[in-house]
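Written out below as structure tokens is the structure these notes cover.
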Amino acid sequence: MTCDEKEILQRLQKDYNSAPVHILVTVLAVAVFIGTRHVFCKLRDEMAFLTVVIVGAGPIGLTAALIATQSKRVQKIIMFEEENRHNVENRSYQICILPALVSFLRSYNVDFDNLEGIWNEGCFYTRVGIYLEYIIHILPIHQTNTEIRFGTKVK
Ligand SMILES: Cc1cc2nc3c(=O)[nH]c(=O)nc-3n(C[C@H](O)[C@H](O)[C@H](O)COP(=O)(O)OP(=O)(O)OC[C@H]3O[C@@H](n4cnc5c(N)ncnc54)[C@H](O)[C@@H]3O)c2cc1C
């Protein structure tokens, strides 16, 4: 065996011995990268401010807006309503707010004493326009910037 061959063999042996260390370092580097990325994405999601877009200023849309105002992450709410405000607030059909929903809405500061309607077995009956007008009225009281674009149909 020549001196060169011996040297090459020794180097190969050395590389072979250090291979597990290289693999371990690579695996660790990948794990650190994945972990850091995960933490970064989680932090970014948790700290991000949101703009909530709601289509339709009916009972569901306006109640959703009311709930969204309570989230610290929601910076802005934009609602699109195809009808004008007068038509929305003058809708004449009746809605029944069930007892569980009454408690839920009270937790969002809906003051039923300020709403025209009647109580029957824990249910609150009112004209839908009254409920809508009330929510439209109290939305700006909350800190969240809320904009309702009446007369705007989303296609
Ligand atoms: C005649 C009638 C009688 C009823 N009686 C009762 C009752 O006695 N008791 C009861 O509990 N419930 C009753 N309801 C049902 C109650 O009105 C509904 O459950 C409730 O209105 C549903 O709310 P919502 O917000 O999902 O939908 P909606 O009230 O229909 O609101 C949807 C809103 O979205 C808007 N919109 C739709 N498409 C677009 C668009 N593309 N772009 C922008 N805006 C859009 C509409 O103009 C509307 O304002 C009645 C409904 C009707 C029609």
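Numbers for the structure displayed
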| quantity | calculated |
| --- | --- |
| Residues residue 25 and residue 51, FRET efficiency given R0 of 30 Å [Cβ-Cβ distance, rounded to 0.05] | 0.10 |
| Estimated distance in nm for a label pair at residue 137 and residue 14, the labels positioned 7 Å out from Cα along Cα-to-Cβ | 8.6 |
| Rounded FRET efficiency, nearest 0.05, which uses the C-beta distance separating residue 60 from residue 32 and R0 of 41 Å | 0.35 |
| DSSP beta bridge pairing in region 79-155, given as percent antiparallel to the nearest 5 | 70 |
| Lysine pair count for the chain [Cα-Cα under 27 Å; pairs on different chains or 8 or more apart] | 5 |
| C-alpha long axis of helix 128-138 to longest principal axis of the chain, angle in ° | 60 |
| Approximate spin-label separation residue 94-residue 118, in nm, with each point projected 7 Å along Cα-to-Cβ | 0.6 |
| Computed Rg/Rh of region 50-150, alpha carbon atoms with Kirkwood Rh | 0.96 |
| Mean Cα-pair separation over length for the chain, i.e. relative contact order, pairs under 8 Å, 6 or more apart, % | 27 |
| Within the chain, helix-based [θ] at 222 nm, where runs of 4 or more DSSP H residues each add -39,500 (n - 2.57), nearest 500 | -17000 deg cm²/dmol |
| 0 to 90° range, to nearest 10: angle between helix 3-47 axis and the chain longest Cα axis | 10 |
| Most mobile of 18, 71, 103 in a GNM of the chain (Cα contacts under 10 Å) | 18 |
| Over region 40-92 - Rg/Rh using Cα atoms and the Kirkwood inverse-distance radius | 1.14 |
| Degrees separating the helix 59-68 axis from the principal Cα axis of the chain, which is the longest one | 50 |
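We did not get these values from a lab; they are worked out from the coordinates using the rules stated. Everything quoted here is computed from the prediction, not taken from an experiment. Note that each Cβ is placed from the backbone with ideal geometry, even for glycine, and that neighbours are counted across all protein chains shown.
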